[in-house]
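First the structure, in the form of structure tokens, and then the observations on it.
Every number in this text was worked out from the coordinates using simple rules, so none of it is lab data. The structure presented is a predicted model; accordingly, all values stated were derived computationally and were not measured. Note: ideal-geometry Cβ built from the backbone for every residue, glycine included; neighbour counts use all protein chains shown.
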Amino acid sequence: MVLVDDLGWGDVNFNRMNPVTGGSEPADPEIRTPTMDALVDQGIHLTRHYVYKFCTPTRSSLISGRFPVHVQTSLANPEKPFAGVPRNMTGIGWKLKQGGYYTAWVGKQDTGMATPHHTPEGRGFDESLIYFSHKNDYWTQQEMQSECTKYGTVVDYWDTGKPAFGQNGTMFEEFAFRDRILSIVDKHDFSQDLFLLYTPHVAHCPLQVPQS
């Protein structure tokens with residue numbers, strides 16, 4: 001499952017077909033999403049499937065299986081005790097784990113981190129490579145928004161139950177996420193079901209990209 005952060009309706013080619021010709025060429029040649037276009041062509045394109053207007057409530061709703069109004073409707077920093085999904089709520093990770101799935105989460109978490117129960121492992125995920133907050137630096141993984149930054153430099157990078165020591169600053173963050181996803185799939189024994197949640201940082205600020 002992929003949950004893309006801050007991606008607008010018109011930021012994918014399959015929603016920007018040329019209104020004059022009706023053809024498959026993009027209305028704006030700068031918007032090119034061939035892989036997503038192919039997935040839509042081969043699958044089901046739901047055009048009236050709505051989410052919350054910004055990131056944190058949307059992912060909290062997905063993880064908990066509840067409407068945002070019952071979970072989270074603010075952008076509170078994830079270290080706050082009231083941020084994200086309450087500890088007493090079950091969620092998709094635990095439910096699928098109980099059903100025999102191997103569960104993994106890669107990417108942006110942003111559903112709380114005040115206690116171990118708020119981490120991916122506390123939510124029923126066997127494996128994770130994530131950052132907790134709204135945004136971090138793509139290259140250094142340094143936290144950019146939390147109140148913790150008032151007191152010094154904070155690295156926001158988490159690898160399966162512990163800080164991702166030695167991994168920050170080694171490569172562009174989305175490349176690290178890509179490599180972990182490929183590793184999870186390659187090593188998985190598919191006699192067991194797999195639930196892999198990918199919540200990319202890309203499209204969310206800060207707008208940083210590699211040179212190639």
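Tally Lys and Arg at +1 and Asp and Glu at -1 over the other residues with C-beta under 12 Å from the C-beta of residue 138: what net charge comes out?
Working: positive: 108, 135; negative: 137, 156, 173, 174.
Net charge in that neighbourhood comes out at -2.
Would you mind ranking 48, 32 so that the residue whose beta carbon has the fewest other beta carbons within 10 Å leads the list? List each step's numbers first, then the result.
On the way: 48 4, 32 12.
In order of increasing Cβ crowding within 10 Å: 48, 32.
When the Karplus curve 6.51 cos²θ - 1.76 cosθ + 1.60 is applied with θ = phi - 60°, which whole-Hz ³J(HN,Hα) does each residue of segment 164-169 get, with x for Gly and Pro?
Listing the rounded values in order: 7, 4, x, 9, 5, x Hz.
Could you line up 183, 191 from fewest to most neighbouring Cβ atoms inside 10 Å? It would help to have the intermediate numbers written out before the result.
Working: 183 14, 191 5.
Ascending number of Cβ neighbours within 10 Å: 191, 183.
What are the residues whose amide H is under 5 Å from the amide H of residue 142, where those residues sit 5 or more places off or on another chain and H is modelled from the backbone?
137, 156
Quick one: if the Förster radius is 45 Å, what FRET efficiency do residue 149 and residue 191 give, using the C-beta to C-beta distance and rounding to 0.05?
0.50
Compute the distance in nm between two label points, each set 7 Å from the Cα along the Cα-to-Cβ direction, one at residue 211 and one at residue 67.
Distance between the two pseudo-spin positions: 5.1 nm.
Arranged by the count of other C-beta atoms within 10 angstrom, fewest first, what order do 79, 143 take?
Values: 79 18, 143 23.
Lowest count first: 79, 143.
Between residue 203 and residue 162, with labels modelled 7 Å along Cα→Cβ, what's the label distance in nm to one decimal, could you check?
Placing both labels 7 Å along Cα→Cβ, they lie 3.4 nm apart.
If R0 is 22 Å, what FRET efficiency do you get for residue 1 and residue 183 from their C-beta distance, rounded to 0.05? Walk me through the intermediate numbers first.
Values: r = 18 Å, r/R0 = 0.80.
Here the calculated transfer efficiency is 0.80.
Check which residues have an amide H placed less than 5 Å from residue 128's amide H, if you skip close sequence neighbours.
Under 5 Å from the amide H of residue 128 lie the amide H atoms of 105, 160, each far enough along the sequence or on another chain.
Which length gain, in nm to one decimal place, applies between residue 35 and residue 142 when the Cα-Cα distance is subtracted from 0.36 nm times their residue separation?
Details: separation 107, 0.36 × 107 = 38.52 nm, distance 3.04 nm.
Taking residue 35 through residue 142 to full extension adds about 35.5 nm, to one decimal.
If I take every Cα pair under 8 Å that is 6 or more residues apart in the chain, average their sequence separation and divide by the length, what percent do I get for the relative contact order?
On the way: 352 pairs, mean separation 44.5, N = 212.
Relative contact order for the chain comes out at 21 percent.
What is the percent of Cα-Cα separations in segment 39-176 that go past 24 Å? Walk me through the intermediate numbers first.
Values: 3204 of 9453 pairs.
Summing the P(r) tail past 24 Å for segment 39-176 gives 34 percent.
I need the phi-derived Karplus couplings for segment 78-95: 6.51 cos²θ - 1.76 cosθ + 1.60, θ = phi - 60°, integer Hz, Gly and Pro marked x.
Values, residue by residue: x, 6, 5, x, 9, 7, x, 8, x, 4, 7, 8, 6, x, 5, x, 5, 4 Hz.
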